[in-house]
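The values are calculated or read from the model by the stated rules, or taken from the named source; none is laboratory data. Keep in mind that this is a model prediction, so the values were computed, not measured. Methodologically, a virtual Cβ is constructed for each residue, glycine included, from the backbone with ideal geometry; neighbour enumeration extends over all protein chains shown. What goes into the accessible areas is simple: the full protein's heavy atoms, side chains included, and nothing from ligands, DNA or RNA. Shrake-Rupley method; radii C 1.70, N 1.55, O 1.52, S 1.80 Å.
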Amino acid sequence: MTLNVRLQATGPIALDLSFQVEPGEVLALVGPSGSGKSTVLRSIAGLWTPTQAHVGVAGEVWHDSETHLSLPTHQRKVGMVFQSYALFPHLDALGNVTLAMGDQPRAQREKAARALLARVGLSGFEARRPADLSGGQQQRVAIARALARDPMVLLLDEPFSAVDRPMREGLYETLQSLRSVLAMPTVLVTHDMDEAQRLADRMVVIEAGRALSSGTAAEVLCDPRALRTLGLREAGSMITAIVEAEEEDDLSRLRTVGGPLYVPKVSAAPGTRLRLRIPAHDVMIALERPVGLSALNVLPVVVRAVVPGDGPGVMLRLGLGEEEILARVTQRSARHLGVQPGLACFAVLKSMAVARDQLRT
Amino acid sequence: MDWQALGLSLHLAAWTVALLLPVSVFGARALAFATFRGKALVGALVTLPLVLPPTVLGFYLLVGMGANSPFGQVWTALFGQGLVFSFSGLVAASVLVNLPFAIQPAQRAFEAVPPALREAAACSGLSPLQALWRVDLPLAWPGIMTAMVLTFAHTLGEFGVVLMVGGSIPGETKTIAIAIYDRVQAFDDRSAGIMSLVLLAISISTIMATLALSQRMRRGPVQGAPR
C-alpha cells in the first residue's frame, strides 16, 4: 500500500517533486509557508489539479496526466485533517464521524464511530457539537473522522497549528499512540521542525515547490541546502541518552555513548531512553578536553565532515559512536583549529542546550 | 372582496415557488461555487428583473411568448393554447420575474458555507449530491427558505408584468393585485381596502418570517446546545 506521488505544475503554484511513502510510514513535508507543501497534499486528495502528475496508492491510480485520468476527491480513499478542523457544524461529534463511513448500516457505523472517538480520547463527547468543543477536541474529532472511512492514505495539513501549545502535547501523544494501528502511508504537512522530528519517520524539505532535501531528520538537518530554507536556528541533532540518576543539585545524569551528560532534572525513571535535541549553534569544539570551563557537558567526538554553508559559518558533522552531533562554527575557527575529517576533538555542549521540553521517551 | 382573485394569486404563487425551488437550490449553488464561462453574465441576467421596469419586462415577455414568436408557436403547437393571456403564461412570467428573489438569498447562504467544509465532505467520501444533501442544505436552508418566502410574497403583489402578459381575465389571469386596481377604477374603495389589507397582512407576516430566518442564519445552524 505504498503511496507514489509525482507532481509538476507551473503557474501561480509551481511544483516539481516526487516522493514515496511506505505503509505505516509518516512522511513530513516541511517548509516555509507558501512553499507549496499544502498544495502537495491537496493534489494527492484531488482538491487541486497539477499540470503533470501521477498519484497512485497500492496499485490504484488516482491521477495520471498521461492517460488523462483523475478521480474526483470523493472517489479517492483519503482521510484528511484540515488546519481549520472543518468539522460539520450542524452535526455532533458522532455525526461528524459516521457521515464519513459510507453506506454501512447505521448501528454498525455508530458503534465504529464510538470506538474511534474513544481511541482519540473523546469518550463522552459524542453528542457535543463542534461549537461546544475546544480546538484540541475538535481536531481529535477531525482525526477520528479522517480515519472513519478506513483510508488508504492519511493526510494531515498543519493539523496542530491552530491548537494551543498545551493542547498540542496531548494531540502528539494521541497521534503517536495511533501509529501502531495505522497501516496506511501518512503525509504530515508542517512548518514546525520539532513537530516533524517527533512525529515523522522521514521528511522532505520543500521550497518553492521543489524538494530541497529528504531523508531522516538527522540527514535533513545536516544538509545546508535544507537549512537555507529552514533557518539555522532549526539546525540540530538528536542523540539517544539513558537516564542514570538524579543528582542532589537538581540535575539528572544521563548516559550516552560518549560519556555522561547533565541536564536539568527530568521526570523520568532511571533506565528510560530519551532523545536529546542539541541545537548546532550551542555546540563548541575544542582540540583538547577543556579545563576551567563552566560547561558541564563535554563529549569526545570525531569530525566526520565539514560542510560549508552560506556566509561565515561551517557545519561540522561530529561522530559520537554511531550517532552524530552537529556543530555550527565559523570558517575562521575551523581553519584556525585545523578541523578536517578524521580529527578527534571534544564537543562542548552548553548545559541548557539540552532543553527540557525536548526530552522525549 | 374578490376571493377568486385571491385564490388565483395564491395558486400562482404556489406554482412559482414550486418551480423556482429547484432553480433556487441548484442555480444558487452553481452561482456560489462553480466556475464557468459567462458566470458574471448569468449573475447579471438573474438580477436584471430587480431593476427593469415591470412593464418593460412584460413587454418583452409578451413579444417573446406571443402567438407570432417562434416560442409561442411551438407552445401553441404542443399544448393547443397560447401562452399569453393564460395562467400558464402568467406562471412563466412570474418565474422569470422572481429569479432574483429566488436565487440571491440562497446564493448568499451557500456562499456562507466555508469551502473547507465542502472539501471535508469530499474527503469524507460524499459525492457532490450527497454533500449537497448532508452538508450544504442543512447549513443553507434558512437562505433558501427566505428566498421562497420572498418569492411567494412578491408573486402575490406583482402587478405590472401580470397586467402586460395576462391581462385581467377573471379566474385565469386576474390576480388580487389586478383586482384591487380594478376595484379602485370602479370607485369600489371598500373592496379595494379589504383586499389591500389582506395583502398588507400577508406582506407583514412574510417580512417577519424572513427576519426571523435571517436571524437564525446569522446565529448559525447550531441550535439547542447550551454553551
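Worth pointing out:
- Residue check for A:H74: away from chain B (no Cβ under 11 Å), modelled with pLDDT of 90 or more and surrounded by fewer than 22 Cβ atoms within 10 Å (Cβ to Cβ): no
- The requirement of being closer than 30 Å to A:L154 by Cβ and not aliphatic (A, V, I, L, M) is fulfilled somewhere in the range B:135-147, by at least one residue.
- The set of residues from the range A:28-48 being part of a helix (DSSP H, G or I) and of a type in the set (S, T, Y) comprises A:S38, A:T39, A:S43.
The rows are residues; the columns are (1) at pLDDT 95 or above; (2) within 14 Å of chain B (Cβ to nearest Cβ); (3) in a helix (DSSP H, G or I).
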residue: A:V5; (1), (2), (3): no, no, no
residue: A:Q8; (1), (2), (3): no, no, no
residue: A:P12; (1), (2), (3): no, no, no
residue: A:S18; (1), (2), (3): no, no, no
residue: A:P50; (1), (2), (3): no, no, no
residue: A:T67; (1), (2), (3): no, no, no
residue: A:M80; (1), (2), (3): yes, yes, no
residue: A:Q104; (1), (2), (3): no, yes, no
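- Within the range A:321-336, the set of residues being part of a helix (DSSP H, G or I) and open to solvent by 50 Å² or more (accessible area, probe 1.4 Å) comprises A:Q331, A:R332, A:R335, A:H336.
- Within the range B:101-135, tally of residues that are touching a residue at least 12 places away in the same chain (Cβ under 8 Å) and either touching a strand residue (DSSP E or B) at 6+ places or on another chain (Cβ under 6 Å) or away from chain A (no Cβ under 14 Å) (or both): 10
- Some residue of the range B:98-118 being under 20 Å from B:L48 (Cα atoms), surrounded by fewer than 24 Cβ atoms within 10 Å (Cβ to Cβ) and in contact with a Ser or Thr (Cβ under 6 Å, 6 or more places away or on another chain): yes
- Which numbered condition A:A144 misses (of (1) touching a residue at least 60 places away in the same chain (Cβ under 8 Å); (2) under 21 Å from A:P23 (Cα atoms)): (1)
- Restricting A:M203, A:M184 to those that are outside any helix (DSSP H, G or I) and either of a type outside the set (A, V, I, L, M, F, W, C) or under 21 Å from A:R328 (Cβ atoms) (or both) reduces the list to A:M203.
- Test: residue in the range A:295-303 that is small (G, A, S), in a helix (DSSP H, G or I) and either modelled with pLDDT of 90 or more or touching a strand residue (DSSP E or B) at 6+ places or on another chain (Cβ under 7 Å) (or both): no
- Reported count of residues in the range A:291-320, each being open to solvent by 60 Å² or more (accessible area, probe 1.4 Å), closer than 26 Å to A:P260 by Cα and under 29 Å from the mean Cα position of the chain (by Cα), is 3.
- Residue within the range B:77-96 that is open to solvent by 50 Å² or more (accessible area, probe 1.4 Å), aromatic (F, W, Y) and assigned to a helix (DSSP H, G or I) present: yes
- Residues satisfying the stated conditions in the range A:26-60, i.e. closer than 13 Å to A:T73 by Cα, hydrophobic (A, V, I, L, M, F, W, C) and either surrounded by fewer than 18 Cβ atoms within 10 Å (Cβ to Cβ) or without any contact (Cβ under 8 Å) to a residue 60 or more places away in the chain (or both): A:L47, A:W48, A:V55
- All told, A:L154 meets the bar of being touching a Ser or Thr at 6+ places or on another chain (Cβ under 6 Å), outside any loop (DSSP other than H, G, I, E, B) and either surrounded by 18 or more Cβ atoms within 10 Å (Cβ to Cβ) or within 13 Å of another protein chain (Cβ to nearest Cβ) (or both).
- Of the residues making up the range A:257-290, those that are surrounded by fewer than 20 Cβ atoms within 10 Å (Cβ to Cβ) and among the β-branched types (V, I, T) are A:V257, A:V266, A:T272.
- Residue match in the range A:116-132 (condition: within 13 Å of another protein chain (Cβ to nearest Cβ), of a type in the set (V, I, T) and in contact (Cβ under 8 Å) with a residue 12 or more places away in the chain): no
- Looking across A:L99, A:L116, one residue alone is within 29 Å of the chain's Cα centre (by Cα) and buried (at least 18 other Cβ atoms within 10 Å of the Cβ). It is A:L116.
- Taking the range A:1-25 as the range and being surrounded by 23 or more Cβ atoms within 10 Å (Cβ to Cβ) and within 27 Å of A:S180 (Cβ to Cβ) as the test, the residues that pass are A:L3, A:V5, A:V21.
- Among the criteria (1) polar (S, T, N, Q); (2) part of a helix (DSSP H, G or I); (3) away from chain B (no Cβ under 14 Å), the one A:Q139 does not fulfil is (3).
- A:W62 being in the same structural domain as A:Q8 (by TED's automatic domain parsing) and part of a loop (DSSP other than H, G, I, E, B): no
- Selection status of A:A93, open to solvent by less than 10 Å² (accessible area, probe 1.4 Å), over 24 Å from A:E22 (Cβ atoms) and facing chain B (nearest Cβ under 8 Å): no
- Index of the failed condition, B:G171 passing every other in (1) touching a Leu at 6+ places or on another chain (Cβ under 8 Å); (2) within 14 Å of chain A (Cβ to nearest Cβ); (3) not in a helix (DSSP H, G or I): (2)
- Being part of a helix (DSSP H, G or I) and open to solvent by less than 10 Å² (accessible area, probe 1.4 Å) holds for only one residue in B:A153, B:A212, B:A122, B:A179, and it is B:A179.
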